[in-house]
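Structure first, commentary second.
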Amino acid sequence: SSLKPTNFIHQIIEDDLKNNVHGGSVVTRFPPEPNGYLHIGHAKSICLNFGTAEKYQGACHLRFDDTNPEKESQEYIDSIISDIQWLGYEWTGEIRYTSAYFDQLYLWAVHLIKEGKAYVCDLSPEEAREYRGSFSEPGKNSPYRDRTIEENLSLFEKMKNGEFAEGECALRAKIDMAAPNMNLRDPMIYRILHTNHHQTGDKWCIYPIYDFAHGQSDAIEGITHSICTLEFEDHRPLYDWFINNLPVPAKPRQYEFSRLELNYTITSKRKLKQLVDEQIVAGWNDPRMPTISGLRRRGYTPESIRRFCDMIGVTRSNGIVDMGMLEAAIRDDLDSSAPRAMCVTQPLKVTLTNMAEGVEEWFELPAHPKDESMGMRKVGLTRNVLIEQEDFIEEKPVPKNKKDKWKRLAPGDSVRLRGAYVITCNEVIKNEAGEVIELLCTYDPATNGANPEGYKPNGVIHWVSEELSVPCEVRMYDRLFTEANPDGDKNRSFMDCLNPESLVVLKEARAETGLRDAPAESRYQFERMGYFSVDPDSSSEHLIINRTVTLRDSWSK
Ligand code: ATP
Ligand code: MG
Ligand code: MG
């Protein structure tokens, strides 16, 4: 698009650089929690954080925000690393983990206690919620709020040493139970979790809350611009409170932008996990998933995802982006980069009665109509041809206007086999059930690259030779949900609006010769059908091809 999308973060950074706010440096971070696979929403954050660092010759850290060990795993860590690399970004220095700062965070918690700014509270979670008050009502002080510093130090140490059960007590910051911002009403900063951690093993049985860990980790790493999504705007005063009340080595600042929401899908790891766990999809990288690995398997390129993130811009206003924009980004990319090929997904047998058995005739077609550098491909024709069932009709519809004219094959009519001859349908053969199972046609040898004389074919259709084509399974993917906002109605769940036709498997498909042994992830435009990509589960014995997206302009019927 010619409209330059806005990125208000870049404006802030440019001002900061001008005013030497962070000594002229720009350090960002991408801080995923390893509790699921990355999705298209994360791609926006990745492009923003890594892209900003690139633009201003700064640094961008990859930090696993691993403070909830129960929900996290090494599998998720590995998938996140490979997704970021696939998108084409590289983090600065080592991979970082919030858990690597647990010792320092513990010392800072002790620091707050010593300053009289944190206390161990024995209220149960229910009681604590009650004491917290509401938006319209101030909270009440916990009866444990006035414990002495000594008592708090000893209780916190006991917490650390595993002397309490989960939920028995927690460490809270002592701020203001009447603060209009609920996040400042003595927020919990450490809770007890007798859980093994994927990085620290059983060293800890107390873990810091996100709010206590995040800003301090930013400070440890010298992050200058800590960019997060808008739901953390209300947490910023707490972020700043910790930074201002602790002897941290730097003063990072938090900025919020609006999260990406796409229609016809969901971008919540928890809900995506439900689709995986309930086997609605084949896994996190199912091509219908809005995960990075799902998009990759669907045939999306890293460039298309980055371009999409560029197109949507970075603002503070929430809005739902049309899935069509993402689809347009991959079409744009593949239109110029994907070689053309022919594939018949639901074959109908055509016998060319005037071609001898055993004869092969080879045609040279351009791999790309607009890019000679992609070279030529060879397509072989034999007596036995397969065309798309949809490309034949016994009785042509009566056209309402010229545009509606039937452009494919019909009894007595002619069409061109793309890149080869014009054929004419002389006879229709049916089975006992009355279904068309074969067409007897003749080809016109004078029509290779030349117009037929004295008659006009209806149009051009795609085809393959039965003997020379490659059997394949084509998986026709469509949107996973039938509703634009699967999550938007309280009276139903996103599970109630799954598209029953999000996957249609066509097992009898045949692709042109050149696709034999096509490697995983090779992408094609199947002429007249759309863009397709070879599935990683594909092998030379069993070629599997995924539909990435339909063509923008479907041919008129
Ligand atoms: P989810 O709600 O899907 O679990 P999350 O925000 O909890 O997402 P994190 O792993 O914490 O997931 O996210 C890492 C980073 O990606 C955070 O900075 C977060 O703000 C950002 N992010 C997550 N979802 C989106 C989104 N839809 N649009 C933009 N950024 C996002
Ligand atoms: Mg998060
Ligand atoms: Mg989350």
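The values are calculated or read from the model by the stated rules, or taken from the named source; none is laboratory data. Bear in mind that the values here come from a model prediction, so they are computed numbers and not experimental data. Note that each Cβ is placed from the backbone with ideal geometry, even for glycine, and that neighbours are counted across all protein chains shown. Please note that ligands, DNA and RNA were not included when accessible areas were found on the heavy atoms of the full protein model with its side chains. Shrake-Rupley method; radii C 1.70, N 1.55, O 1.52, S 1.80 Å.
Expressed as a fraction of 2.2 N^0.38 Å, the value expected for a compact globular protein of N residues, the C-alpha radius of gyration of region 441-530 is 1.70. Max-minus-min Cα coordinates of region 248-357 on each principal axis give 84, 37, 29 Å, with the largest extent listed first. With all pairs of different C-alpha atoms in the average, the Kirkwood value for the hydrodynamic radius of the chain is 27.7 Å. Do the alpha carbons of any pairs in LYS407/LYS430; LYS271/LYS507; LYS396/LYS456; LYS71/LYS203; LYS430/LYS507 sit beyond 24 Å of each other, and which pairs? Over 24 Å apart, Cα to Cα: LYS271/LYS507.
Taking the chain as the reference, fit the longest principal axis to its C-alpha atoms, fit the long axis of helix 40-55 to the helix C-alpha atoms, and give the angle between the two in degrees, 0 to 90, nearest 10. Result, in degrees: 70. Computed per residue of the chain from DSSP H runs no shorter than four, each worth -39500 (n - 2.57), the mean residue ellipticity at 222 nm is -7500 deg cm²/dmol.
In plain terms, the C-alpha convex hull of region 305-344 casts an average shadow of 3.8 nm² when viewed from every direction.
Heavy atoms of the protein chains alone define the surface here; on that basis the chain has 46 Å² accessible area per residue at 1.4 Å probe size. Give me the angle, in degrees from 0 to 90, between the Cα long axis of helix 102-114 and the longest principal axis of the Cα atoms of the chain, rounded to the nearest 10. Here the helix axis deviates by roughly 30 degrees.
Quick check: the angle from helix 8-18's long axis to the longest principal axis of the chain, C-alpha only, nearest 10 degrees? Orientation of helix 8-18: about 60 degrees from the principal axis. When the charge dipole of region 8-262 is built from unit charges on Cβ atoms (+1 for Lys and Arg, -1 for Asp and Glu) and taken about the Cα centre, the candidate among VAL248, MET159, LEU230 whose Cα reaches farthest toward its positive end is VAL248. Counting 0.36 nm for each residue step from ASN244 to SER134 and taking away their Cα separation leaves a gain of 37.0 nm. Peptides 218-225, 154-161 ranked from most to least packed give 218-225, 154-161, packing being the mean of other C-beta atoms within 10 angstrom over each peptide's residues. The figure for PHE102 is an accessible area of roughly 0 square angstrom, using a 1.4 Å probe on the protein chains alone.
Shape summary of region 190-279, radius of gyration then Dmax from alpha carbon positions: 16.6, 49 Å.
Taking the chain, the Cys residues with no second Cys beta-carbon under 4.7 angstrom are CYS60, CYS121, CYS169, CYS205, CYS228, CYS343, CYS425, CYS441, CYS472, CYS497.
When GLU70, GLU168 are compared by accessible area at a 1.4 angstrom probe, the order from most to least is GLU70, GLU168. Split the accessible area of the chain by element, probe 1.4 Å, and carbon with sulfur accounts for 47%.
With the whole protein complex present, SER124 retains an accessible surface near 30 Å², based on a 1.4 Å probe. For region 8-262, the convex hull drawn through the C-alpha positions has a volume of 136 cubic angstrom per residue. Among ARG331, ARG552, the order of accessible area from largest down is ARG552, ARG331, computed with a 1.4 Å probe on protein heavy atoms.
Using the structure shown, select from LYS117/LYS158; LYS114/LYS158; LYS370/LYS402 the pairs with a Cα to Cα distance greater than 23 angstrom. Correct reply: LYS370/LYS402. Under the convention that each Lys and Arg Cβ holds +1 and each Asp and Glu Cβ holds -1, the size of the dipole of region 347-467 around its Cα centre is about 680 debye.
Taking all protein chains as they are arranged and a probe of 1.4 Å, the heavy atoms of LEU480 leave approximately 10 Å² accessible to solvent. Evaluated over the Cα positions of region 347-467, the convex hull gives a direction-averaged projected area, one quarter of its surface, of 8.9 nm². With the convex hull drawn around the C-alpha atoms of region 1-144, the volume per residue stands at 222 Å³.
Residues TYR101, TYR119, TYR264 ordered from highest to lowest accessible area at a 1.4 Å probe: TYR264, TYR101, TYR119.
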